[in-house]
Every structure is written in C-alpha cells, then in structure tokens.
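Visitor: One structure coming up, written as structure tokens, with questions to follow.
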Amino acid sequence: MAEWTEEITHIAGTDLAIVKGGKGKPLLILHEELGHPGWMSYHQELAKDRTLIIPIQPGYGKSPRVEQIRNVHELGLFYNWVLNEMNLAPIDVIGFSIGGWTAAEMATANSKIFRKMMLVAPSGIKPAEGEILDIFAVTIGTQLNATVHDAAAAPEFRKLYGGERTPEQFEAFEEARTESARIAWDPILHNPSLPYFLQGVRGLPTHIVWGREDATVPVTAADSYQVALKNTDVKLTIFDHCGHRPEIEKSAEFVKLVREFLA
Amino acid sequence: MHIMYFTERPYRDVPEDEVIKNRSFFGVPNRFYDAQVGARLYNEYLDEDVYAEEVGFDAIMLNEHHGNPFCMGAVMNVEAAILARITKKVRIVLLGNPLPVVKNPVRLAEELAEIDLISKGRLVPGWVRGAGSEQIFNQANPAYNREYFNEAHDLVLACWTKPGPFRWEGKHFNFRYVNPWALPYQKPRPPIWIPGVISAETVVWCAKHRYPYIGLGTALQSTVELWNLYGQTAADEGYMAGTENFGYLQQIHVAETEEEAQKQGRAAMFGGGAANFSRPEHTLPPGYNSKEATRRLAKQATDYGFLGITSEKLKESQRGDLRHIGIPKQNGDTRDKLRKGEISVEEAKKKIYANYQKAQDGLQIIIGTPKTVIPKLKLIMEVLRPGVFGLFQAQGPLTTQQRLTSIRLMGQEVLPAMREIAKGLGIVDPFEREPGSRPYTSGTQYDSLVDLEALKRAPKRDESVRV
C-alpha cells in the first residue's frame, strides 16, 4: 500500500490538493515556500503513529491560486476555514519556513484552532539582527542551496523535491516562487504586525525550532518569536551545525523532538 | 519615415572591470558614481538631443532604467520635460514609462500631460513592463507585473479621456477623486507606441490597441514572425496593419573613416553591452514572465540578448550551481564562468571583445562610415518596412566629440539616404497615416508587412554573440 496519497478536495471555496499518509491522530503540516518537498524520512517516521495532513498551498502544484489570498495573514484565514470545514480543530501543527509563519498567523486569529504548534525556522518576523534572505532576487539554485548548512552531510538534500531537476520540476519551483512572491514580496517575507498580534496567543503550547547556521531566516528571529509569544507556553530548540532545514539535516533529533513535544 | 535619435545616456566613466566583476551593469555599487561626472553627462546628453534636432532627426527617443550605469535615465520624464522646452519641433518619444513600477498612475498621467502641453503636442508616450531588475529596484511585485501594467494603462488613459471627477476602484489602484487639471495638448490623447523585445503577448496586445510596435533590435528572422502575428491580429480586429504600425531600433556608430569607425565602435562591446544589463536572478524575478512565456523561452533557441533576456539566462536562473547534487556542469557563458571563478576579468574581457566582428556581421551593431552603414540600414528597411526607425548611438566610452561627429554624419548623409530609401519602398509613418485607420474586409488579401525575399539576403545572427 502506498505510504501516502494526494487527493483534490473541494473545500473553502476551492479545489485543494491534500497529501495524506500514516495512521493515528491527525497532524497538520504546512509546507515551505518551494512547496511540499516530497515524502521524506521525517514524514515516514512521524506517519508511524500520526496521520499526516499536508495541504498543498493554493497556487502550488495541483491547488489552483486563490486570488483573494493576498498575503500570508489571509492564507492563515484560509487554512482556518479549511480546518473548520474538515472538523479538524483543534489539531497539532508543524509549519516549515513560510508554513511556520502561516501557522503563527492562524494562531493569532484563533489560538484554539491548534492543540500544539511547532514552528520550524518560520519567516514572518523581521529579525532584530541580520536579514531574511531575499529569495526572490536569487536563482532557484541559490535559494535551494541556502536552505542547508552542509549539503554533503545531509543525504536527504539530494532527494528533496523528487531529486531530479527536470524542466517540470523547475516549472513547479517557478510557480511556487511566483506564488510566494505574490503574497510575501512586500514587506520582504514578514508581517510587521505579527509580533503585536502574537501577544494575543494564549493557552497554545508552542515549540520553536531553528538551525544555528540558518542562512535563509537568521536564528535571531527565534528570539523575536519567543518574545512575541510571551503569553503562552513557548519553548525554543536550536540545533548546532544546522541550516534552515533541521528536519533533514538533523532528521533523527528532529523527529525525537516532535514526538516529545506532541506526546 | 520617422527617424528617432536614441541614446541610453550611459554613465561612461564607470570602470569596466567593475561591471565585469559584478557580472552586469545593474548592481554596480554606487560608490563608483561621481556627481561631477553625472552633472556633466546629463547636460551633455540634453545638448546632444538638441543637436540631433538641428541635424534633422524627427524625434528624440528616451527610455528609463534604474540603478545602473548602463542608462542614466532613471526619471525619464524629467529629461522629457526639459526637452519639451529646449527643442522646437522634434517629437519626444518615451519608450517607455515602466507602468508596473509606477505606484501612482494618476501622477504619471499628470506628468505626461504637462510634457505634452509644454511641448505643444509633441509627446509620444509609450509603456513597458520594465526590465526584471526594475521590479526589484522599485519593489514592484513581479507576480503582478502584467496586472499592474494593464490596470495602470487603463487608468492613465481614463485620466486623459474620461471627464472627471470620477472614482477609480480597481484591483491594484484606488483613487477617490480623479480629476487631473492638466490634460494633454493632443486630442483625444497623444499617440502611443510600444517597444518590445520578444514577447508575443505584447505584440498581440499592441495590435488589439492599434499601437505601433517598436522592435528593439530584435533578430530579423524572429521580428518578421512577430510582425506577421501583429498583422494577423490586426486583420482579426478588422483593420489593416501597414508600415505605420511598426518601428525598429538599431544600434549604430558612424565616423569619418572606416578605420576610425572600427576603432571607436568597439565601445559598443563595453562591459559586455546590453546583454550584460542584469544578472539572471535580476532579469527574471518570479512571476515576471507568464507561465507560457517562460515555457516558450525555455524551448526556443537564444536569438536575442537585448537587456539580456535569453533562454540561456533563464536556464541559468533556474539551475544555479547544482553540481553537488548531480546536475552536470553546463557549458556556461562567460558570466557563468566568472561567477564560478573559472576565468579572470581579463579573460572575460577578451571573450567579450572577440565577438566585435561577429556582432557586426549579425547586424547587432552597425559600425562604419555613412557609405558603409547605409546599405545595412537599407537591408533592414527592406525586410521589416518600419515606418519608424530609431538610430541608437553606440554605448560605451566614446568621447563627446566622437558622439557628436556620429550624429552629424547621420544627419548629413544617413538620414537623407534613409528617407529616399523609404520613399522608394512606399514606407509611411504613423503621422502620415493613422495606425489602424484602414478597415480590413474579412477574407481579402492584406498588405504584406515584410519582405521575405530580402530576408533571404539578410545575414543569420550567430546565436552565441550578444551585445
């Protein structure tokens, strides 16, 4: 039996592609700006005792663009609608990069939409020091390479997005970049209001995860998230010798951390 | 025939090594900018335009780019406003205002109306999407590039033609009280021309709006295809396209002797020329091209490098350096090799200048005396039959005197010859015949827009040579 399936569901006024796999309590995963990276080993591990629900963001892959989603805050409102319509709230969530930012936006709109929230190197807050990489002014290759600290030490880096860099894959990247530019071009990959509204999040256990050598979203932004989420229970884990993808650069440790947090 | 003088107004004192090291003109750090030089050059270029009028040009064409020494016209409308006052009879052709980066189209409509008024009706505005780098420089979301273009276009035209006050509530622009007091001198509005590089979408859009399309030095073979597409679209729209619907821009430098011309003309290769305008990541920001255009660009052979939009660059923008994950090394171009440190600046420069002759052979640049440039211009006129012709003063570190001599020789010898040739070919310009004014009856034969026999005589461009 296939480990995962992808189905189109008519929901929240659109046709949303959703990747599903595993068994057990549902776990929502919000993917990053280049799209769902494929079924990686961390998916496989987590799917052993959780049903992973991975919506493909509108404008990516088989999910058509929703014009009314004009920024990441509105993307968050969209996903809140999706969860309500699917009767999935409250649900555990892991958001990667822009997916983490999206989860944070969802929580500002409704803290009770989630049971527990894990944010992995989320963009969304302007770091106190350093700058978020302007992914829109570099090549796809540069963007992709900047997501890991040491590609040679991360065997799964080769497998990301199916591994093969076919013309179709580049077209998919181009579409993904176009959609993330559409909603996050200005301000550059953050929402200046997010730190203020995150203070309103209460009763939502949150875990922030970062790689110390993150070259996409500087690790200094972790502090900003922690400060902004001061009115809820928040933990921070920083992996050394790790870039923007702890889930593949520190896969075993990452999976352990998720299991402990969501237990 | 309407003949325009055009220069990019290059900042000619930028160190070439810095351009090459930066792998493009866009993004050369502005610590290399000297205000004394800038002040001198802005004034010189305005004087040059006045001189071009004196020697017989019909129009001065201006363009706009931001953040680079390739073109100093960052705010083209300022120069246009000055020209409106200091010139007497030339048309002031703006090709074009980059609509997607204009945050306030109402103000743009006002600026252009003022220029048209001060010049007493000599303005020809045009619109562009802006190079990829302009979106980055101006914080204009490339994913909305075409939408911004279309809506800003409609709003500017509404400002000029719809009685105010009115409210504008669009997708991207909202204005509560549109009632510009300054309205254009020309009625119902100034004529509009559109420059283009390779986009079929733009050609079709122009034909639907009956706007003349000005090919910016595009390879003759692909230009012929685009103009036939324009002609077909025009017929579908119920009108007959003709020479009045087309224009062409050609980079050129003229000197007294062939030897001097060849020596001076090397300046056109400076820093890699227009092909080195911006790096791949700045040329094609995400969403700047439609999915269809990206696909077409990926498939088609490199045929043109104006502002560096090439299929090779598209591939480079997508690929980056992925050798460590098993993507084989490409036979990259000079820029790519520089990036990887595989060649030195000196070697890169040698490679650039090695293409000087080939660039002339392929008509990317025309260099010579009036006697030797005229037959080449004639061939282009025969193939494309453009009603508007722009002579684009060669880029690079030419001296002021060399530039003025080139303008003088063009005025004295090249322009009269071109006018004769145009007469012989039956070419009329958009002021002699209103574009889109001739109705077309479905099913009948329409005018041939190009000369395919002449095209056979035209040299094939070496696709690897870009200036």
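The values are calculated or read from the model by the stated rules, or taken from the named source; none is laboratory data. Remember, it's a predicted structure, so these values are computed and weren't measured experimentally. Ideal geometry is used to build each Cβ from the backbone, glycine not excepted, and the neighbour counts take in all protein chains shown.
Visitor: Scanning the stretch A:168-192 for residues that are more than 9 Å from every other protein chain (Cβ to nearest Cβ) and either hydroxyl-bearing (Ser, Thr, Tyr) or surrounded by 21 or more Cβ atoms within 10 Å (Cβ to Cβ) (or both), which turns out farthest from the chain's Cα centre (by Cα)?
Guide: Applying the filter and picking the extreme gives A:Asn191.
Visitor: Further, regarding this structure: Provide a single number: the residues in the stretch B:242-294 that are within 20 Å of the chain's Cα centre (by Cα) and within 14 Å of another protein chain (Cβ to nearest Cβ).
Guide: Looking only at that region, the number is 10.
Visitor: Still on this structure: B:Ile198 versus (1) closer than 19 Å to B:Asn289 by Cβ; (2) at pLDDT below 95; (3) surrounded by fewer than 23 Cβ atoms within 10 Å (Cβ to Cβ): which is the lone unmet condition?
Guide: Here B:Ile198 meets the rest and fails (3).
Visitor: Then there is this: Given (1) at pLDDT 95 or above; (2) within 22 Å of A:Asp240 (Cα to Cα); (3) out of contact with any Phe, Trp or Tyr (no Cβ under 9 Å at 6 or more places or on another chain), where does A:Asn110 come up short, assuming only one miss?
Guide: Here A:Asn110 meets the rest and fails (2).
Visitor: Is at least one residue of the stretch A:118-129 modelled with pLDDT under 95 and of a type in the set (A, V, I, L, M)?
Guide: yes
Visitor: For the subset of the stretch B:121-136 comprising residues that are more than 18 Å from the chain's Cα centre (by Cα) and either surrounded by fewer than 21 Cβ atoms within 10 Å (Cβ to Cβ) or aliphatic (A, V, I, L, M) (or both), which member is farthest from the other protein chains (Cβ to nearest Cβ)? Even if it seems obvious, please write down each step before you answer.
Guide: Taking the stretch B:121-136 as the starting set, the residues that turn out to be more than 18 Å from the chain's Cα centre (by Cα) are B:121-122, B:136.
Okay, now just the ones that are also either surrounded by fewer than 21 Cβ atoms within 10 Å (Cβ to Cβ) or aliphatic (A, V, I, L, M) (or both), so B:121, B:136.
Details: B:Gly121: 38, B:Ile136: 5 Å.
Among those residues, the one meeting the criterion is B:Gly121.
Visitor: Next question, about the same structure. Quick one: A:Asp186 ticks every box in (1) out of contact with any Phe, Trp or Tyr (no Cβ under 7 Å at 6 or more places or on another chain); (2) under 30 Å from B:Asn138 (Cβ atoms); (3) in contact (Cβ under 8 Å) with a residue 40 or more places away in the chain; (4) not hydrophobic (A, V, I, L, M, F, W, C) bar one, so which box is it?
Guide: (3)
Visitor: Right, something else. Residues that are more than 13 Å from every other protein chain (Cβ to nearest Cβ), touching a helix residue (DSSP H, G or I) at 6+ places or on another chain (Cβ under 7 Å) and among the small types (Gly, Ala, Ser), at least 2 per element: which helices (runs of 4 or more DSSP H) completely within the stretch A:58-150 meet that?
Guide: Details: elements: A:72-85, A:98-109, A:140-145.
In the stretch A:58-150, A:98-109 are the helices (runs of 4 or more DSSP H) which contain 2 or more residues that are more than 13 Å from every other protein chain (Cβ to nearest Cβ), touching a helix residue (DSSP H, G or I) at 6+ places or on another chain (Cβ under 7 Å) and among the small types (Gly, Ala, Ser).
Visitor: Condition first: β-branched (Val, Ile, Thr) and either surrounded by 19 or more Cβ atoms within 10 Å (Cβ to Cβ) or in a helix (DSSP H, G or I) (or both). Now tell me which residues in the stretch B:38-89 satisfy that.
Guide: Taking the stretch B:38-89 and keeping what is β-branched (Val, Ile, Thr), we get B:50, B:55, B:60, B:75, B:78, B:82, B:86-87.
Selection gives B:Val50, B:Val55, B:Ile60, B:Val78, B:Ile82, B:Ile86, B:Thr87.
Visitor: Let me ask something additional. What number of residues within the stretch B:259-315 satisfy the criterion of being under 20 Å from B:Glu225 (Cα atoms) and at pLDDT below 60?
Guide: 12
Visitor: Determine the pairs where a residue that is closer than 18 Å to B:Val450 by Cα, located within the stretch B:409-435, has a partner that is part of a helix (DSSP H, G or I) and β-branched (Val, Ile, Thr) with Cβ atoms under 6 Å apart, the partner being 6 or more residues away or on another chain.
Guide: If the second residue must be part of a helix (DSSP H, G or I) and β-branched (Val, Ile, Thr), the pairs left are B:Ile427/B:Thr243; B:Val428/B:Thr243.
Visitor: Moving on. For the stretch A:151-167, how many residues meet the condition of being more than 8 Å from chain B (Cβ to nearest Cβ), touching a Gly at 6+ places or on another chain (Cβ under 9 Å) and not in a loop (DSSP other than H, G, I, E, B)?
Guide: So the answer is 4.
Visitor: Now, a different point. Looking only at strands (runs of 3 or more DSSP E) that fall completely inside the stretch B:143-253, which ones have 1 or more residues that are out of contact with any Gly (no Cβ under 9 Å at 6 or more places or on another chain)? Even if it seems obvious, please write down each step before you answer.
Guide: Values: elements: B:166-169, B:174-178, B:194-196, B:213-216.
Output list reads B:166-169, B:174-178.
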